[in-house]
Amino acid sequence: MSFLLKCPNCGDRSVYEFRFGGKLKPRPAADATEGEWLRYSYEHENAAGPQREWWYHRLGCRQWFFAVRDTCANSVEATFFPEEGA
Amino acid sequence: MTDSARIFFNDEPIPARPDDTVASALFRHGRRIFGRSFKYHRPRGLLCAAGRCPNCLVNVDGVPNVRACTTPVRDGMKVAHQNAWPSLDFDLMASTQLLGWAMPVGFYYKTFTRRWMWKLAEPLIRRVAGLGVIQGTPADAPPSYEHLHQRADVAVVGGGPAGLAAAAAAAGAGAQVVLIDDQTKLGGHLRFLRRIDEEISDLIDSKEAIKGGRGNEVAGRLEAAVREFPNVKVLNQATAFGLYEGRLLGILQDRRLIHLRAGKLIVATGTYEVPLVFENNDLPGVMLSSAVQRLINVHELKLGDAAAVVSHEEDGGAVAEDLRASGVRIAAVVPPSDVRRVKGRRRVRSLLTRRAEIACDLVVVRGPRVPDAALLSQAGAKLVWDDEAGAFLPASLPDFAAAAGRVTGDTSLRGALIRGRCAGLEAAGAPRGPADDEPFREPLRSPAPLHHPLSREGKAFVCYCEDQTVRDLEDAMVEGFEEIETLKRYTTATMGPCQGKMCQLPSIGICARRKDVAPGAVGTTTSRPPVAPVPLGALAGPHLHHPVKRTPMHELHERFGCVWTDMGEWKRPLYYTKDKNAPMRACVEAEYRAVRERAGMIDLSTLGKLDVAGTDAPKLLDKVYTNRFSDLKVGRARYAVICDEAGVILDDGTISRAAPDRYFITTTTGNIEFVQQWLEWWAAGTGMCVHVTNVTGGFAAVNVAGPKARDLLRKVTKVDLGPKAFPYMGCTEGEVAGVPCFLMRLGFVGETGWEVHFPAEYGEYLWDTFLEAGREFDVWPFGVEAQRLLRLEKRHVIVGVDTDATSTPIGADLAWVAKMDKDDFIGKAGIARARGRPARERLVGFVLQDESIPEDGSAIARDGKPVGRITSVRFSPAHGKAVGLAWVPADMADPGREIDIHLSGRFARAKIVADPFYDPKGERQKR
Ligand code: FES
Ligand SMILES: [Zn+2]
């Protein structure tokens, strides 16, 4: 774990400056079934390949953003703020 | 050259030249034995003279395991031997080799099959086997290492001709270059060539012509040419010990660890020579040819009187010439296959060959050359066996890495310079020059490390670090450890301080011979960082002190005789004592009485404080907190709980509404970072108009509480504190003693009281003001411990003390904080789930039935077995008995029921009660 992560605000920084927020998962609707909520809270997929993740620039601008990271190569393809969609 | 420095070896003064290394100075002074081996305590002398073997480890100025041959001397340096007793020359522990038969390969695995055996043997083994010892106490430890973070366009590892050419070319093309070399001077093997005849100035951007001459001088001119570039930073005597993710090079230089990020990596690490395997190949006086050349041509040493050169070249090659030129007689040149054994006790006396016994005091070995490709392999390159080269050569390099020079298998100087320059230009993004595609000029041809079957009696060393012989490896293979990776783990060959440099190739050779395959089929062991040993202190870095946070009133507490406690990074008063010997319980009880009977004040500056502003602030808080804040009236405060999606309580605090679009939040002391990030997270990407600002450090806070709190505050503020105008759970901005404050009327300790928040710079002023104004009421400061007792009597939970990572508001008796009629909030589904199912455990209050006072964490027992636990328990002055909170199975949680508390060897009875232990109706805090 010594790769660089590009904060959309501050640029390339050591990954130690960040907090990892996990894979982006759509939150179930308020009236979703118990099963859906349990899956959301407790089941973590850990799939191989690119996934969209939350990261927080703890020792920098203190912003939450998305990174698209390949879990096999541990390479980050893109980072952007949630407003920037993509 | 004259002596101008003096070092001390085991306290004996030794003269040294300024250019000397510790090893060259000691050698010149007559020292031949530099260390004792790990297991058998055999004498060992200089072998590689290049920092790649384990033979010359010494203690320098208190630091163990320093290599004498790569450490330059410094006047006054204190050098000491290690792993020998009583002395290097006469080591009693060498008798362990007589017991060699008792320590077969795999000794540890076979012998210590029971724990007690290891316990018996360990102290002895620790004394006998090993490397250096750490001396003294931590206080005499050498200064700590520092960490540096650096960047470069191009990192060049290796300062030989290829590396120098690469650095010059990349720098000439404008790149920022860092050149890393592990020797004292740049130039690599050129330094110890007697003559260089090639004209090479066309191959390196140099102002002066570099035509040829003594290797040392040519290297010096090359080094100077590279150092001319302002954009080349040279790190010499530095080891690039590993390549990590994100192209991060770990570099150790003196007492620094450098984290270097480079866009491109050029590896020009060359080759290193490794020993041939024959009996007694470890005796002092057996030296690698490269070591011999270095010691002669750089340090001008006379290494002996008569040398036997073990070499494929009939005339012994350049090393024989150098020996002769330095005044050493060549007794014989012997082809490797003729060698039988070296004879001698503490040093070489003769070399026994197939034909004769040759008297000599030096055996010079032209050994196999191993391309130093560990970094390339870490970069992702493959190492492919090349039969002709007799070596594993790097192939399929990744885009960001290039190799040049001998590490690629080309031994020519011209080739090194051309390839180096090409790599440098390419790394800098510049076009390559003409004629840069010449193929290898002189392909590497490395001899095999093993030549004939060895007798089973003698010791032919494969691994010098771990004292592993050919026989040990062969025995291990007979036992089934035939794969190189398992062989390595079983014998520990290649796992010592040389990290396999000296022994990997011979190990592979032995493996290949036994299996009758090519070395390529055996393969190499995986190269992992670090490629050279790194002191743990270097990785640990500087001894940074722990950051400490102090409240603005810190000094005043100190003067008041406070006993401190740590809460995260904060220092908080635990209790105050005028007399250091006063028992804690008495002090705490005095503070408690002040609050219950008169007035007390506590510094709450460590509370997390957030200012949440914006038109969507109500929406965000309704979503993140379990209760409702959109309907909170301006001027009112409310208890607030955060849960995660599973309904587990994460934090609690209060939220006050200062304006329709502005809230003031307090969090627990340790959780402020978390709560801030949590709020920002749920706001991220939603487009909500809300700003979360951490104002913890900006505000100090004091809670003034007790029956006289109102009288006290009235003396210093015009804010109407009457029960109607300022009811319980009210809040307002107002001036106190001229300071703009935010006042909240809360009841954590269960008495009439106000939390006063104000700009931190007025901390001491307001604290003193309150003390002064309270003098007539005998106001008293109270600490965290009294507060814990006061709140416990009120049954107020502390998140993280009375709750854990499974507690929901339902179990924790806080169901009322979850507003299930809200459309949605974080944790709603989890709380609904907890509600819909019978609880396993509940948090209950209890009162002891006798005089005993259990400790926090004590077990609740049923039929003698633990089924629950106490989270908080204190002696309650109001009750005259201990009271507390405990998690118990739901079927034991009914009020009135008696429970048994485990108390060192016996059980104490307690009764579960439903109400707070003190002022159950909560009338006092509302007065
Ligand atoms: S002789 Fe110093 S490390 Fe080999
Ligand atoms: Zn940032």
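The values are calculated or read from the model by the stated rules, or taken from the named source; none is laboratory data. What you are looking at is a predicted structure, and each value in this text was computed from that prediction instead of being measured. For neighbour counting, all protein chains shown are included, and Cβ atoms are generated from backbone atoms with ideal geometry for every residue, glycine included.
Table for the structure above
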read-out: Any pair with Cβ under 9 angstrom, 6 or more apart, that starts in region B:243-254 at a residue that is in contact (Cβ under 8 Å) with a residue 12 or more places away in the chain and ends at one that is of a type in the set (Phe, Trp, Tyr) and in a strand (DSSP E or B); value: B:Leu249/B:Phe241; B:Gly250/B:Phe241; B:Gly250/B:Tyr244; B:Ile251/B:Phe241; B:Leu252/B:Phe241
read-out: Region B:623-651 - residue that is surrounded by fewer than 22 Cβ atoms within 10 Å (Cβ to Cβ) and hydroxyl-bearing (Ser, Thr, Tyr) and, of those, farthest from the other protein chains (Cβ to nearest Cβ); value: B:Tyr639
read-out: Odd one out for B:Thr769, checked against (1) within 30 Å of B:Gly868 (Cβ to Cβ); (2) polar (S, T, N, Q); (3) surrounded by fewer than 23 Cβ atoms within 10 Å (Cβ to Cβ); value: (1)
read-out: Number of the exception - B:Gly738 against (1) without any contact (Cβ under 8 Å) to a residue 12 or more places away in the chain; (2) at negative phi; value: (2)
read-out: Failed criterion for B:Val286 (all others in (1) within 14 Å of another protein chain (Cβ to nearest Cβ); (2) modelled with pLDDT of 95 or more hold); value: (1)
read-out: Residue that is without any contact (Cβ under 8 Å) to a residue 24 or more places away in the chain, surrounded by fewer than 17 Cβ atoms within 10 Å (Cβ to Cβ) and away from ligand 1 (no atom under 16 Å from the Cβ), where the choices are B:Gly30, B:Gly62; value: B:Gly30
read-out: Residue that is nearest to ligand 1 (Cβ to nearest atom), among those in region A:14-25 that are out of contact with any strand residue (DSSP E or B) (no Cβ under 6 Å at 6 or more places or on another chain), within 11 Å of chain B (Cβ to nearest Cβ) and of a type outside the set (Gly, Ala, Ser); value: A:Tyr16
read-out: Matching option when the condition is farther than 25 Å from B:Phe825 by Cβ, away from ligand 1 (no atom under 16 Å from the Cβ) and exposed (fewer than 12 other Cβ atoms within 10 Å of the Cβ), among A:Ala67, A:Ala78, A:Ala48; value: A:Ala48
read-out: Identity of the residue in region B:325-355, in a loop (DSSP other than H, G, I, E, B) and touching a residue at least 24 places away in the same chain (Cβ under 8 Å), that ends up surrounded by the most Cβ atoms within 10 Å (Cβ to Cβ); value: B:Val348
read-out: Condition broken by B:Thr21, with the remaining ones in (1) surrounded by 24 or more Cβ atoms within 10 Å (Cβ to Cβ); (2) within 26 Å of the chain's Cα centre (by Cα); (3) hydroxyl-bearing (Ser, Thr, Tyr) satisfied; value: (2)
read-out: Filtered residues of region B:305-324 (kept if crowded, with 20+ Cβ neighbours inside 10 Å and over 18 Å from B:Arg194 (Cβ atoms)); value: B:Ala308, B:Val310
read-out: Some residue of region A:26-38 being at the interface with chain B (Cβ under 9 Å from one of its Cβ atoms), exposed (fewer than 13 other Cβ atoms within 10 Å of the Cβ), free of Cβ contacts under 8 Å to residues at least 12 places away in the same chain and aliphatic (A, V, I, L, M); value: yes
